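First up is the structure itself, then whatever we jot down about it.
Read-outs throughout are calculated quantities, based only on the coordinates presented, and are distinct from any laboratory measurement. Given the structure is predicted, the values throughout are model-derived calculations rather than measurements. Cβ placement follows ideal geometry from the backbone for every residue including glycine, while neighbour counts extend to all protein chains displayed.
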Ligand SMILES: C[S@@+](CC[C@H](N)C(=O)[O-])C[C@H]1O[C@@H](n2cnc3c(N)ncnc32)[C@H](O)[C@@H]1O
């Protein structure tokens, strides 16, 4: 199986002079220590797809109506190569992106999640930000565009790393990095980040307290945590949880869906203050759906055909909450 070539010198050089410089060796060692997790049978195909992406001398990156957009001129030949390269990096789940003439209509309208939280978080202006489980990095661009001085995303998926690199090829912002790491492999007690996001990760963790503790350790004192996760609906004020055995909405590796009260208690007991829920939302089949860039089954196929309040397994359909809290000073 092919192994990711990780250029630790490039990471260390890129962090020089930034607030993360003192952690650059530890971060590079953490990635190199991933061993088998840096291998994937599809890696050669993804790397070939990346190498097919044409260069575009006048490419300019921006965010337009929630779409991370690369504008630039691509000849007909370049357009064909661009389409082929991006096709080789399918499925595209998080977005949307517009790259030259190609609109990547992704499975998720990740911009809707951003819209639900943006008004409630502290300004990201000049902040050092960590996005845990960042997927292909769609929200990294949004965080940077919202004024963050430096944004680090971590995600163990090598496909998502390659998708991020496709975007970075056209918008090579040195203040954005995606490292192929799970949260558990981050250096302990960094105390470095002004804002930490963990969106769509907590329900994948068997021990939610451990995850919350790791997020707290990454934050500086007074820093802000944003947790976005699945919750059990209709349990106002009740401290309950739904234990998942097998799949949930066709997804594997889901452990417990807490009620909102339980989620807030977890965050509080993990040592955060000012815990507040800013959004609870039923995921719609307009927000998560199959598209030409992610043609497999999506949310619609994960719901009961007779009663769309339930998943195919008979659980309540996905509801997602956003909770914001502070690490004490
Ligand atoms: C549901 S996706 C969420 C992506 C993005 N944060 C969002 O909200 O759109 C969950 C992501 O978390 C990543 N992930 C799973 N376990 C993780 C862990 N222990 N540490 C960091 N990321 C993890 C997965 O690879 C996946 O990309």
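Note on the chain: the alpha carbon radius of gyration divided by the globular reference 2.2 N^0.38 Å gives 0.98. Here the chain carries DSSP beta bridges of which approximately 55% are antiparallel, counting only pairs with both residues inside.
What the pair-distance distribution of the stretch 180-230 shows, using all Cα-Cα distances binned every 5 Å from zero, is 5, 22, 31, 28, 12, 2 percent. How much of the pair distance distribution for the stretch 46-111 lies past 15 Å, counting alpha-carbon pairs only, in percent? Summing the P(r) tail past 15 Å for the stretch 46-111 gives 52 percent. Ordering of 264-271, 96-103 by packing is 96-103, 264-271, highest average first (other Cβ atoms within 10 Å, averaged per residue). Beta bridges from DSSP with both residues in the stretch 94-196: antiparallel share about 20 percent, rounded to the nearest 5. Nearest 5 percent is fine: what portion of the DSSP beta bridges confined to the stretch 149-308 is antiparallel? Taking every DSSP beta bridge with both residues in the stretch 149-308, the antiparallel ones total about 35 percent.
When each of the peptides 80-89, 24-33, 299-308, 107-116 is scored by the mean number of other C-beta atoms lying within 10 Å of its residues, the order from highest to lowest reads 107-116, 80-89, 24-33, 299-308.
Packing around the peptides 317-325, 230-238, taken as the average count of other Cβ atoms within 10 Å per residue, puts them in this order, highest first: 317-325, 230-238. The Cα trace of the stretch 197-329 gives Rg and Dmax of 15.6, 51 Å, the first to one decimal, the second as a whole number. For the stretch 1-51, the normalised intensity computed at q = 0.21, 0.22, 0.29, 0.30 Å⁻¹ comes to -0.78, -0.81, -1.00, -1.03 (log10 of I(q)/I(0), Debye sum over alpha carbons, equal scatterers, no solvent). Here the residues 42, 168, 5, ranked from fewest to most Cβ neighbours within 10 Å of their Cβ, fall in the order 5, 42, 168. Any idea what the relative contact order of the chain is, in percent, if you count C-alpha pairs under 8 Å spaced at least 6 apart? Value for the chain: 15 percent. Here the convex hull built on the C-alpha positions of the stretch 1-155 has a volume of 131 cubic angstrom per residue.
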